[in-house]
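Visitor: Encoded as structure tokens, here's the structure I'll be asking about.
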Amino acid sequence: MPRTVSRNISILGAGPAGASAAIAALQCGSSARLIEKSEFPRHKVCGEFLSPEIAQELDRVGAWDAFAAAGPARIRRMQLHFGKREKSSRLPESAWGLSRFAFDALLLEGARRLGAEVRRESTGGETVIACGRRSRGSRRGRRLFGFKAHFEGPADDAVELFFFHGCYVGVNAIEGGKTNVCGLGPEDFFGRLDFDFDEVIRRSPALAERLGPLRRSMKWLCTGPLEYAQAFQPEFQRDGVYRAGDALSFVDPFTGSGLLTAVKTGTLAGMAAAMGESPSDYLAQCRVALKKPFEIAGIFRRAVNTGWAEVLAGLVPGRVLFALTRPGK
Ligand SMILES: Cc1cc2nc3c(=O)[nH]c(=O)nc-3n(C[C@H](O)[C@H](O)[C@H](O)COP(=O)(O)OP(=O)(O)OC[C@H]3O[C@@H](n4cnc5c(N)ncnc54)[C@H](O)[C@@H]3O)c2cc1C
């Protein structure tokens, strides 16, 4: 039986997942309304590393040309730093660095161009929930927080990860020759340093040396608490809404696949909502795509907490580690 297209899709959140959902719904012939509380463009705490597979997903939502025009940095190498030890490898395919300031705005602009309406206030009853990750009360002290700032100075083509004191900090180039520095770590460590992220950087001599020639060009931004979660429980299959992006699954940012997952699940959610596909069929597709990175990220987080990350990274080739954290097709 031919499916009827649902006419009005309302989406909570206009980040990468929400904007992609709107574009997909509009491409299916529905109208789309986005509810977004923030003014765009805006900075957001993020490593701003986009894995190679993003090209295909952006092409699907007609955003590839705008992405290329924004001048993303090409990232060809990965370097892991544990104290004085280093592990380097070439990425199997080159990845990209683009600020969330540019990335989120270009996706939202794509949705607007196709006719999406954008509103500040929700009147309730949204079909697609793409409002980002939820924070539920985890134990103080052990909670994780993220931080980031852009730097100016010489840029290169590596994504570098520095591990120290139960946290890690990623460094990679973005558009305009800038470098993004973004970290994640436990509240009790940051608390002891009064959440002074310049001081956090100094606690890793290797990272401090890497950032030595660079100059910070914006204030540190901080976000948290961060909680890894997946919304695949039975109640989420019955409430008739389609969750996408971090609202569906927030995986350790180490995998560098959050944005890819947001665009992928957002697109699937927009199509499913527009075509009247059941939320449980939609979730079944998402579960297949997200199982692997979520499991690997869980193992990795335990390894960082117990000091085994160095041993693990020594045993697993960088290319394999990178491949293991990619979402399935
Ligand atoms: C420290 C850190 C580093 C990361 N690094 C990377 C990385 O390098 N690469 C990568 O791929 N991923 C990374 N991620 C993950 C990535 O940021 C997320 O996966 C991505 O932002 C998810 O997109 P989203 O659209 O689901 O949610 P969001 O980007 O959070 O967008 C949600 C939108 O909903 C809006 N909203 C929320 N509540 C409401 C409401 N009630 N009403 C209206 N609007 C609302 C928000 O303002 C926001 O614009 C990182 C995450 C963290 C925390």
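Visitor: Does residue 248 count as of a type in the set (A, V, I, L, M, F, W, C) and more than 30 Å from residue 10 (Cα to Cα)?
Guide: No: the conditions fail for residue 248.
Visitor: State whether one or more residues within region 182-205 are closer than 23 Å to residue 38 by Cβ and surrounded by fewer than 18 Cβ atoms within 10 Å (Cβ to Cβ).
Guide: Within region 182-205 (the criterion being closer than 23 Å to residue 38 by Cβ and surrounded by fewer than 18 Cβ atoms within 10 Å (Cβ to Cβ)), the answer is yes, since at least one residue qualifies.
Visitor: Of all residues in region 184-237 being at pLDDT below 95 and of a type in the set (D, E, K, R), which is nearest to residue 281 (Cα to Cα)?
Guide: Taking the candidates together, the pick is 235.
Visitor: Also, quick follow-up: Given the conditions (1) away from the ligand (no atom under 16 Å from the Cβ); (2) touching a residue at least 12 places away in the same chain (Cβ under 8 Å); (3) among the hydrophobic types (A, V, I, L, M, F, W, C); (4) open to solvent by 30 Å² or more (accessible area, probe 1.4 Å), which single one is not true for residue 82?
Guide: (4) is the only condition that residue 82 fails.
Visitor: Taking region 29-45, which residues are open to solvent by 40 Å² or more (accessible area, probe 1.4 Å) and either more than 21 Å from residue 114 (Cα to Cα) or among the charged types (D, E, K, R) (or both)?
Guide: Matches in region 29-45: 33, 37, 39, 42, 43, 44.
Visitor: Here's a follow-up. For region 27-43, enumerate the residues that are near the ligand (Cβ under 6 Å from one of its atoms), assigned to a loop (DSSP other than H, G, I, E, B) and not hydroxyl-bearing (Ser, Thr, Tyr).
Guide: 36, 37
Visitor: Looking at this structure, is residue 171 under 15 Å from residue 45 (Cα atoms) and β-branched (Val, Ile, Thr)?
Guide: Working: under 15 Å from residue 45 (Cα atoms): yes; β-branched (Val, Ile, Thr): yes.
So residue 171 fits the description; yes.
Visitor: What are the residues in region 47-76 that are of a type outside the set (Gly, Ala, Ser), surrounded by fewer than 21 Cβ atoms within 10 Å (Cβ to Cβ) and assigned to a loop (DSSP other than H, G, I, E, B), if any? Break it down stepwise before answering.
Guide: Going through region 47-76, the residues of a type outside the set (Gly, Ala, Ser) turn out to be 48-50, 52-54, 56-61, 64-65, 67, 72, 74-76.
Of the ones still in play, those that are also surrounded by fewer than 21 Cβ atoms within 10 Å (Cβ to Cβ) are 52-53, 56, 59-60, 64-65, 74, 76.
52, 53, listed by residue number.
Visitor: Okay, moving on. Tell me, yes or no, whether region 102-125 has at least one residue that is open to solvent by 50 Å² or more (accessible area, probe 1.4 Å), farther than 23 Å from residue 8 by Cα and more than 9 Å from the ligand (Cβ to nearest atom).
Guide: So far as region 102-125 goes, no, none of its residues is open to solvent by 50 Å² or more (accessible area, probe 1.4 Å), farther than 23 Å from residue 8 by Cα and more than 9 Å from the ligand (Cβ to nearest atom).
The values are calculated or read from the model by the stated rules, or taken from the named source; none is laboratory data. None of the values given here were measured: they were computed from a predicted structure. So basically every Cβ, Gly included, is an ideal-geometry build from the backbone, and we count neighbours across all protein chains shown. In case anyone asks, the SASA skips ligands and DNA or RNA and just uses the protein heavy atoms, side chains included. Shrake-Rupley method; radii C 1.70, N 1.55, O 1.52, S 1.80 Å.
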